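> First the structure, which I've put down as structure tokens, then a few questions once you've had a look.
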Amino acid sequence: MGVVRSFCRICIANCGILVQTDGDRVLEVRGDPEHPLSKGYVCPKGRALGVSHHSPRRLAASLVRSGGVLAPADAADALADAGAALARVVAQHGPEAVGMFMGSGGFIDPAGTYAFHRLKAALGTKQTYSTASVDSVAKTYVTALMGGTTALVPHPDEQGTLLVFVGSNPVVSHGQSTMYANPIERIRAARARGEVYVIDPRLTETARLADRHLPARPGTDHAVLAYLVRGVLADGVDVAALAATAAGVEALRAAAEPFDLAHTSAVTGVPAADLQALAASVRRAGRLAVVTGTGTTMSPAGNLVEWFAWALMILTGSFDQPGGMWFNPGYMSRVDRRDRLPTARLGEPGAPSRPDIERLMGEWPASLIPEEILSGRMKALVVFGANAVTGLPDTDRVVEALRALDVLVVLEVDRTETAELATHVIACRDQLERPDVLPLGMFAGQVYDQYTPAVVPAAPGRVPAWRALATVGTALGHEVLGAGADIAALDCDDVLRMSTRGGVDALREVDGAAVEAPAIYGWVEPRLPHGVWDLAPAPLVGQLRDFTAAPPAAGLLLTPRRQLRHQNSQPYREGDHPLALLHPTDAAALGITDGDAVELTSAIGGLQAVASVTDGNVAGSVSVPHGWAATNVNRLIGNTVLDPLTGMPHMSGTRVQVRSLAGALAAVPAGSEGTTHD
């Protein structure tokens, strides 16, 4: 038996962990008290890494479809067959007929991500997609418009006196882009220094810890932020001084002007006194941090929320300054040492199925995958760590499209719903079976990195994702890992060395996290590609002008939530259930009581769930978590009504009808999620 120091890669928090093992068995996972960010904290998902590693869902061997049935196959044979099938598609239809789709399971595998991007570039197809376009694309898009780059991820200063969470529940989710490890202790420390506000339709776990909770109606969070922007401008911003670092102040003033106290309170449902209290807190603090999450980025107003949040922080001098928010330049990338930040790629042509939605960061919206397949333009799809069936809108359409493909190659650790539809399933090593460095370093809460060895030996039938992708590349005539690279002779450390330009070697000598700085300030504005922030980008001004909240039609607004023991479509421990949360007022009007079976329907389809009646859910909405197969919320969400700027589907804010069904669906205890509703 032994204990290995590692870090969790379920989400971007990357909490430090100590893993007790016995041979190839994981006996226990606990928090690492010496980790500089998580400080011994690890959530139930992290503590259950051993449970998921030994789960019957895990793929022990690759699978190849024969006679309509997926049958186990040797990994080398499965990869050879997949490569040959993809080569036939390219030979007959060209590389544009091959799509590539990466999800969160890919993003957390640094060596696999490196190989995926190199294969994508070598193939030259424009059919490239990721799950970022169905959860957080507003963050990337607004950063590109306002900063001229996508290389900026803001983090709260740990000495700030005003912290505002908007549609974010880090006690459960640990952040979205903005990493938030050890959340309860950090929120308590923020309250001890100053004030913490939460703007969210639900009384979330984070809201329960905050000084104040503002339950804005779903889809109206942007109005609260616009009200604050209006107030800061009315207080007398030094426009002449601001001109040195920002453009568009008068256009921003005009955009925010309608959001006075009376209008904002009427739109959001937040009492005027609470709005005034928040505005007073902004004035007192001077600088503040605003942290947004998927509760807003999944909504029709997602772009507007990000816009006004960034505008507020720019106006108050909160960006790149102590007391506000800082930007991580990356331990490896250190973009603060460049003369200029990389310029965002905007204005590239959209997909044939939606040419009006521009390409962003070299990708098309993942919601368009079914249309590209069913139009005949995409004949094959390589999926790396994404569960399209539970992750993309309009589930029936997604399933129909995936079944229509000539070739569907899925690289996964679990036998997912998408894997069940594949022609080839490649069983990949999970995070405990491979060495890694920190994924998505700019999302980290300090300038640091960490190396972890493999915690347990890999099962014989599982291959590293990077090797699978490189092998497929060879079949397509591409040397993905460089000219003359011997794929069979390389190991994961070799590929990490390539991806970090040798930086991994120094990390290997450190026992745990290698910290360069807790935070770095004052480097961003001199390196903005266009020299200044754009406070009022024309696309956002136009979207605000055209924006209207969901019409007051019959039904309730669908809202999302995350869960403590469930990450996307991967359950890590028993205890969470896909309950439909209803406010007592709505439940009474619909004749629904706690524990009733209910049916939710939309213009797209329907699903059944068990109701949980709670005053923690705002009236006029129903909350259902994403990622469940049996209660798949994507059956309610369309893939034709997309954000015109980003292609984001309305994963939140869709109108649904709710009705009671006779009897119970299953023996799921009402309210069994307890306080872990997010």
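Readers should treat all values here as calculations from the given coordinates under stated rules, not as data from a laboratory. In this text, all values refer to a predicted model and were calculated from it rather than measured experimentally. Cβ atoms come from the backbone with ideal geometry, glycine included; neighbour counts cover every protein chain shown.
> Which shape class applies to region 299-391: rounded if a/c is under 1.5, otherwise prolate when a/b exceeds b/c and oblate if not, where a ≥ b ≥ c are the square roots of the Cα gyration tensor eigenvalues?
Numbers: a/c = 2.36, a/b = 1.92, b/c = 1.23.
Note, shape of region 299-391 comes out prolate.
> A follow-up question, please. How large is ³J(HN,Hα), in whole Hz, for each residue of region 375-388 in order, when computed from phi with the Karplus curve 6.51 cos²θ - 1.76 cosθ + 1.60 and θ = phi - 60°, using x for Gly and Pro?
7, x, 6, 10, 9, 9, 9, 9, 10, 10, x, 10, 10, 4
> Using the beta-carbon distance between residue 262 and residue 340 and R0 = 35 Å, what value does 1/(1 + (r/R0)^6) give for FRET efficiency, to the nearest 0.05?
Efficiency computed from Cβ-Cβ geometry: 0.20.
> Show the residues, 5+ positions off or on another chain, whose built amide H is closer than 5 Å to the amide H of residue 533.
246, 247
> In addition: What does the extension gain come out to for residue 641 and residue 25, with contour length at 0.36 nm per residue minus their alpha carbon separation? Kindly include the intermediate steps, with their values, before the conclusion.
Numbers: separation 616, 0.36 × 616 = 221.76 nm, distance 4.71 nm.
Gain in length upon complete extension: 217.1 nm.
> Which value, in debye to the nearest 20, gives the size of the charge dipole of the chain about its Cα centre, when Lys and Arg are +1 and Asp and Glu are -1 at the Cβ? Mind dumping the intermediate values first?
Working: 56 positive and 69 negative charges, 29 e Å.
Approximately 140 debye in magnitude.
> Give me the tail of P(r) for region 556-661 as a percent: Cα-Cα pairs with distance above 22 Å.
Working: 1606 of 5565 pairs.
The proportion of pairs with Cα distances above 22 Å equals 29 percent.
> Using r as the Cβ-Cβ distance of residue 251 and residue 374, and R0 as 25 Å, what FRET efficiency do you calculate, to the nearest 0.05?
0.05
> Residue 283 to residue 547: extension gain in nm, 0.36 nm per residue of separation minus the Cα-Cα distance? Show your work: numbers first, answer last.
On the way: separation 264, 0.36 × 264 = 95.04 nm, distance 2.87 nm.
That pair, residue 283 and residue 547, stretches by 92.2 nm at full extension.
> By count of other Cβ within 10 Å, fewest leading, how are 104, 602 ordered? Could the numbers behind the result be given before it?
On the way: 104 24, 602 18.
With the fewest neighbours first, 104, 602 line up as 602, 104.
> If you rank 577, 174, 54 by fewest surrounding Cβ atoms within 10 Å, what's the result?
The order, fewest Cβ neighbours first, is 54, 577, 174.
> To make sure I understand, if each residue's beta carbon is the centre and we count other beta carbons within 10 Å, what order do 228, 209, 438, 346 fall in, fewest to most?
Going from least to most buried by this count: 346, 209, 438, 228.
> While we're looking at this one, here's another question. Taking 0.36 nm per residue of separation and subtracting the Cα-Cα distance, what length does fully extending residue 185 through residue 517 add?
On the way: separation 332, 0.36 × 332 = 119.52 nm, distance 2.05 nm.
That works out to 117.5 nm of additional length.
> Still on this structure, I have one more. Where in region 27-65 is the amide nitrogen less than 16 Å from a point lying 7 Å along the Cα-to-Cβ axis of residue 509?
none
> Starting at the first residue of region 230-239, write each ³J(HN,Hα) from the Karplus equation 6.51 cos²θ - 1.76 cosθ + 1.60 with θ = phi - 60°, in whole Hz, x for Gly and Pro.
Values per residue, Gly and Pro as x: 4, x, 4, 5, 5, 5, x, 5, 6, 4 Hz.
> I need the semi-axes of the equivalent ellipsoid of the chain: take the C-alpha gyration tensor, multiply each eigenvalue by 5, square-root it, list largest first in whole angstrom.
Details: eigenvalues 276, 175, 135 Å².
For the chain, the ellipsoid semi-axes come out as 37, 30, 26 Å.
> Please report the spacing between the Cα centers of region 96-138 and region 378-417 in Å, no decimals.
Centre-to-centre distance over Cα atoms comes out at 14 Å.
> About the Cα centre of region 556-661, how large is the charge dipole given +1 on each Lys and Arg Cβ and -1 on each Asp and Glu Cβ? Please answer in debye to the nearest 20.
In total the dipole reaches around 240 debye.
> For every other residue with a beta carbon closer than 9 angstrom to the beta carbon of residue 297, add +1 if it is Lys or Arg and -1 if Asp or Glu, then tell me the sum.
Residues near residue 297 contribute -1 overall.
> For region 122-265, what does the alpha-carbon gyration tensor say about shape, rounded, prolate or oblate, given a ≥ b ≥ c as the root eigenvalues, a/c under 1.5 as rounded, and a/b over b/c as prolate?
Note, shape of region 122-265 comes out oblate.
> With θ taken as phi - 60° and the coefficients 6.51, -1.76 and 1.60, list the Karplus ³J(HN,Hα) couplings across region 49-60 in order, rounded to whole Hz; mark glycine and proline as x.
Rounded to whole hertz, the list is 4, x, 4, 5, 4, 9, 5, x, 6, 4, 7, 8.
> I need two numbers for region 2-53: Rg to one decimal and Dmax as a whole number, Cα atoms only, in Å.
Every Cα atom of region 2-53 included, Rg and Dmax give 10.1, 29 Å.
> Also, I was wondering about something else. Suppose we look only past 20 Å in the calculated P(r) of region 1-90. What percent of the Cα-Cα pairs does that tail hold?
For region 1-90, the share of Cα pairs beyond 20 Å comes to 53 percent.
> Which far-off residues, 5 or more places away or on another chain, put their amide H under 5 Å from the one on residue 628, with H placed in the peptide plane?
633
> Using modelled backbone amide H atoms (1.01 Å from N, in-plane), which distant-in-sequence or interchain residues come within less than 5 Å of residue 350's amide H?
Here the answer is 359, since their amide H atoms fall under 5 Å of that of residue 350.
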